[in-house]
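I have placed the structure first, in the form of structure tokens, so that the comments after it can refer back to it.
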Amino acid sequence: MSIIDSDAMIRSVGARVFTVPTDGPESDGTLEWESTTLVLALVEAGGMTGMGYTYADRAAASVIDDKLAAILEGGNALDINGLWLAMLGAVRNLGQSGIAAMAIAALDTALWDLKGKLLGLPVADLLGKARPSIPVYGSGGFTSYDDARLSEQFAGWAADGLFAVKMKIGRDPTDDPRRMAVARAAIGAEPGLFIDANGALSRKQALAVADSAVRDHGVSWFEEPVSSNDLEGLRLVRDRAPAGLAITTGEYGFALWTFRDLLLAGAVDVLQADATRCCGITGFLKAAALAEAHELPLSSHCAPALHLHPCLAAPKAVHMEWFHDHVRIERMLFDGAPMPQAGRVATNGEPGLGLSLREADAARFE
């Protein structure tokens, strides 16, 4: 079926909501949770259904159904940029960040999945690959874990060949050095050890942690050492942190100007972006272009099954986050979710995102 012959008019748009309990209590430096909600967007055209999603509140589904569906219906599914701009315009008075951005993200990703299916190509091939596969790092190590659970998770990832693991810190800073020692003992000397404070620390606390984490535990990545809203604090930590320690953030970037401001402030060594928040794959690619313009590496945040395709295409992408919660959910709900081979992931060659919903398994969470 050619582009000319295909019927690309969008005929229906909808959303579904799934809430999946965690496999145990989880917490980081600033939040505790016991379930994760996935909002699934569905866009139909040409006898095909595109599927995208975001990890958000069910309120994002209301924005899709009540505000955005009518914007897309009747449009050309191949004209993603035009539809993306129309959705942004439609939420002007709601605010173009937060829940509205996540609703747009789910729909935008569904449009990319649909376009790939209509044209018979994986999304990564539509975008143009910069690489055939990309490494992933294990992400979990929640502050709610005891030493045995932390060691088991990290040792498993190291045995699977993941090049690094990331743990949460900041809930009890006095105990974090001991927990880092447990993590290092579990993975051995060679894999990288990353830490993520989720903005829990003050500037001076973050500087002290940076010094000791590198010196005593060989930490090479410090994510959100202070609040991502504190650009001066991030720049301070970046400038004064030991050589070899990357300061990173960007996961709470909903709009393009957030990434612009982080980069202009010199606040990060590696820019992170989350396509489930920054208005989808289209927004992620715009953040990736900013990283490229600033000659900085890019890494994706969470949702690995969704990020695989744009990360294979983004020139500055260096790795993806293999986040415990989302890996678990994506394997439970979708056929076609990626699996690392020697610490790297690649597409399965199927059109679109290569995912299909397991209706029977998903039903109990809807």
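When residues of the range 261-311 are filtered for being surrounded by fewer than 24 Cβ atoms within 10 Å (Cβ to Cβ), more than 13 Å from the chain's Cα centre (by Cα) and within 17 Å of Trp221 (Cβ to Cβ), how many remain?
Total meeting the criteria: 4.
Identify all residues within the range 2-53 that are surrounded by 21 or more Cβ atoms within 10 Å (Cβ to Cβ) and either among the hydroxyl-bearing types (Ser, Thr, Tyr) or at pLDDT below 95 (or both); write none if there are none.
Selection gives Tyr53 alone.
Checking the structure you have, find out if any residue of the range 211-225 is of a type in the set (Gly, Ala, Ser) and buried (at least 23 other Cβ atoms within 10 Å of the Cβ). Working first, answer last.
Looking only at the range 211-225, we keep the residues that are of a type in the set (Gly, Ala, Ser), and these are 212-213, 218, 220.
With the extra rule that they be buried (at least 23 other Cβ atoms within 10 Å of the Cβ), the set shrinks to 213.
Yes, the range 211-225 contains at least one residue that is of a type in the set (Gly, Ala, Ser) and buried (at least 23 other Cβ atoms within 10 Å of the Cβ).
Of all residues in the range 90-104, which are open to solvent by 50 Å² or more (accessible area, probe 1.4 Å) and either touching a Leu at 6+ places or on another chain (Cβ under 7 Å) or among the small types (Gly, Ala, Ser) (or both)? Outline the logic, then answer.
Initial filter on the range 90-104 (open to solvent by 50 Å² or more (accessible area, probe 1.4 Å)): 92-94, 96-97, 99.
Those that are open to solvent by 50 Å² or more (accessible area, probe 1.4 Å) and either touching a Leu at 6+ places or on another chain (Cβ under 7 Å) or among the small types (Gly, Ala, Ser) (or both): Gln96, Ser97.
Here are some residues: Leu114, Leu83, Leu107, Leu72. Which one is open to solvent by less than 20 Å² (accessible area, probe 1.4 Å) and over 26 Å from Trp257 (Cα atoms)?
Numbers: Leu83 fails: over 26 Å from Trp257 (Cα atoms); Leu107 fails: over 26 Å from Trp257 (Cα atoms); Leu72 fails: over 26 Å from Trp257 (Cα atoms).
Residue meeting the stated conditions: Leu114.
Take the conditions on the phi > 0 side of the Ramachandran plot and in a strand (DSSP E or B) and apply them to Gly24. Does it pass?
Working: on the phi > 0 side of the Ramachandran plot: yes; in a strand (DSSP E or B): yes.
The answer is yes for Gly24.
State the number of residues belonging to the range 54-69 that are of a type outside the set (Gly, Ala, Ser) and surrounded by fewer than 22 Cβ atoms within 10 Å (Cβ to Cβ).
Taking the range 54-69 as the starting set, the residues that turn out to be of a type outside the set (Gly, Ala, Ser) are 54-55, 57-58, 63-68.
Going one step further and asking which of them are surrounded by fewer than 22 Cβ atoms within 10 Å (Cβ to Cβ), we end up with 57-58, 65-67.
Going through the range 54-69 one residue at a time, the tally reaches 5.
Search the range 247-260 for residues being surrounded by fewer than 24 Cβ atoms within 10 Å (Cβ to Cβ) and hydrophobic (A, V, I, L, M, F, W, C), and hand back the single one that is nearest to Glu223 (Cα to Cα).
Here the answer is Phe254.
The values are calculated or read from the model by the stated rules, or taken from the named source; none is laboratory data. As the structure is a prediction and not an experimental result, all values here were calculated from the model. Note that we place each Cβ from the backbone using ideal geometry, even for glycine, and neighbour counts take in every protein chain shown. SASA here: full protein model, heavy atoms, side chains in, ligands and nucleic acids out. Shrake-Rupley method; radii C 1.70, N 1.55, O 1.52, S 1.80 Å.
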